[in-house]
């Protein structure tokens, strides 16, 4: 059950990124670009989460915790940067 939630979250993030990029291409509003870039990183986070918790067995010494959290933090930082940059 959890596996399907991970996949649905990744698909949702990818779709949001694509729709935001499409909106950016149509209107050239830079905030849409920053939001789409944020969702790209959140999609990467969700894909790494799926790989870490489902594909790689728990007994494996490989831990992708820092990689997936780094992707999420970078995504949030990109969005905050875009919000601050566009508010000037």
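No lab work stands behind these numbers, since they all come straight from the coordinates. Owing to the predicted nature of the structure, the values given are computational and were not obtained by experimental measurement. Here Cβ is always computed from backbone atoms with ideal geometry, including for glycine, and neighbour counts include all displayed protein chains.
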Inside region 64-80, the number of residues satisfying the requirement of being more than 18 Å from residue 13 (Cβ to Cβ) and either in contact (Cβ under 8 Å) with a residue 12 or more places away in the chain or surrounded by 12 or more Cβ atoms within 10 Å (Cβ to Cβ) (or both) is 1
Only one of 37, 83 is surrounded by fewer than 17 Cβ atoms within 10 Å (Cβ to Cβ) and touching a helix residue (DSSP H, G or I) at 6+ places or on another chain (Cβ under 9 Å), namely 83
